[in-house]
Amino acid sequence: MIVSKIRKRQVDYTWPGFVDALSSLLMVIIFVLMIFVLSQFFLSQKMSGQDEALINLRNSLAELGELLSLERDTTTELTSQLSILETKITKFKNELEDEKKLSSEFREKLESKNDIISSNQSKILELQNEIDDKIQNTLLLQNNINNLNKRIDSSQLELNQKNDEIRASQKEINTLISASLKLRNKLSQLQTLLSAYKAKDKKEKVKTINIGKGLNSALARRVEELQKFRSDFFGRVRELIKGRKEIRIVGDRFVFQSEVLFGLGSDELGAEGKIEMKKLATTLMEIEKSLPTDIDWILQIEGHTDSLPVKRGQTYADNWELSTKRALSVLRFLIKEGINPQKLSASGFGSYQPIDAKNTDEARMKNRRIEMKITQSTISK
C-alpha cells in the first residue's frame, strides 16, 4: 500500500529520483527490521534452550550433591574398617614373626629329619635292589623248575610207552613160555615112550634119543626162524611208518589209530586206511617168501573202541559189534590183497581193554585203535 502511494506521488510530483531513493531507503529499513525480528526470534529460542540446559545442570548438581554425601558416608565407614584392618594386620604381623621363629626351629628339625630320610631311602634302595635280584633269581629258578617238569612229563610219557612195550613183551614171553610148556609136555611124553622102548632094545633106545634131539633141534630152529620173520616184518613196517604219530609199535604189536583207517562211527576202510593196509600186505607177503613153509604163524587183528556208547540210529548194537566189524574189515581187505586167510584172525574187544583209562578226549582217541600182532598158532607136526 505504501508503495502504491509512493507511485501515486511520483505521478503527482516531478521529482522521481528523490522518490525512488526514498522508496529504496524504506525497503532497506524494512529488510533491516525483518532481519532484527528474525534474529530476536532465534535468540529467544536459543535462550529458552539454555534455560532448559541450566535446569538440567541444576538437577545434575543436586544429584551429585546427594552422591557426594553418600560417598562421604561410605568413606567414613571405609576409614573405620581400614583402621580395624590395620589393627588386624599389626596383629597378624606379630603372629607372623612368631610363626617365623617357630618355622626356623621346624626347618632345622625338618632338615635333620630329611637327612635321616635320605639315609633311609638309600638303605631302601639297596634293599630294593637286593629284592629285585632275589626276584630275578626266583624267576630263573621257576623257569628251571618248569623245564624240569616238562622233562619229567616227557620222561614219564616215554616211561609209560616203555611200560606198554614191556607189558606187550611180557605177553609175548608168556606166549613163548606157554608154547615151551607144551613142548616140554610133548618131550615128556616122548621121554615116557623112550623109557618104554628102553627095555626092548638098546639100539632102539639110541635111535629114540636121536629122534628127541632132532625134535628139540627142529623146535628151536622153527622158533628162531619165526622170531627172525617177526623181527624182519617189524623192521620193514617200522621204516614204512617212520614219522607217523598215529601209527605206533608197542612191544610186539602194531597200533593204528582208528582215525587213520576209518571214519567216525564207521567200519568201512577209508582211502588212507586202504593205502596203509596195502603197504602192510605187500611187506608181509615179501617177507613170507623167505620163510620156511613149515613155520606156522598167524596175524591177529584186534579192534578196540572208546567208552562212549554207540549213538541211536547207527547200524551197530554196541561197541563190541563196531570193534569186531572194524577188525573184520581189515582182515577182508588183507585177504583181497593176497594174504592167505589161514594166516589171519580177527576179534573185537569193544571198550574193555583201554590203553588210557582217563575220561578225556585224548585218552578216548588213544583207545580207538586197531592192533596187529604176529604170533604162532601151533608148531607143525
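Considering region 282-299, and only residues there that are surrounded by 17 or more Cβ atoms within 10 Å (Cβ to Cβ) and farther than 15 Å from Gln342 by Cβ, the residue that is modelled with the lowest pLDDT turns out to be Ile287.
Is it true that Ser39 is at pLDDT below 70 and of a type in the set (S, T, N, Q)? In short, no. In region 234-256, the condition of being out of contact with any Cys (no Cβ under 9 Å at 6 or more places or on another chain) and at pLDDT 90 or above is met by no residue. Beta carbons closer than 8 Å, at least 6 apart along the sequence or on distinct chains, pair a first residue in region 349-368 that is on the phi > 0 side of the Ramachandran plot with a second that is in a loop (DSSP other than H, G, I, E, B) for Gly350/Thr305; Gly350/Asp318.
A count restricted to region 254-270 and to residues that are among the acidic types (Asp, Glu) and under 35 Å from the mean Cα position of the chain (by Cα) stands at 1. The set of residues in region 315-364 that are assigned to a helix (DSSP H, G or I), within 16 Å of Leu269 (Cβ to Cβ) and not hydroxyl-bearing (Ser, Thr, Tyr) comprises Leu322, Lys325, Arg326, Ala327, Leu328, Val330, Leu331, Arg332, Phe333, Leu334, Ile335, Lys336. Picking from residues in region 12-26 that are surrounded by 11 or more Cβ atoms within 10 Å (Cβ to Cβ) and of a type in the set (A, V, I, L, M, F, W, C), the one that is modelled with the lowest pLDDT is Trp15. Checked against (1) over 38 Å from the mean Cα position of the chain (by Cα); (2) buried (at least 18 other Cβ atoms within 10 Å of the Cβ); (3) modelled with pLDDT of 85 or more, Gly273 meets all criteria but (1).
Just one of (1) farther than 29 Å from Arg167 by Cβ; (2) modelled with pLDDT of 85 or more fails for Arg312. It is (2). Restricting region 356-381 to residues that are at pLDDT 90 or above and β-branched (Val, Ile, Thr) leaves a set whose member that is surrounded by the most Cβ atoms within 10 Å (Cβ to Cβ) is Ile370.
On the stretch given as region 255-314, residues that are part of a helix (DSSP H, G or I) and β-branched (Val, Ile, Thr) total 5.
Residue check: Ser345 meets all listed conditions (1) modelled with pLDDT of 90 or more; (2) on the phi < 0 side of the Ramachandran plot; (3) small (Gly, Ala, Ser); (4) under 39 Å from the mean Cα position of the chain (by Cα) but one, namely (4).
The values are calculated or read from the model by the stated rules, or taken from the named source; none is laboratory data. In this text, all values refer to a predicted model and were calculated from it rather than measured experimentally. Positions of Cβ are backbone-derived with ideal geometry, glycine not excepted, and every protein chain shown enters the neighbour counts.
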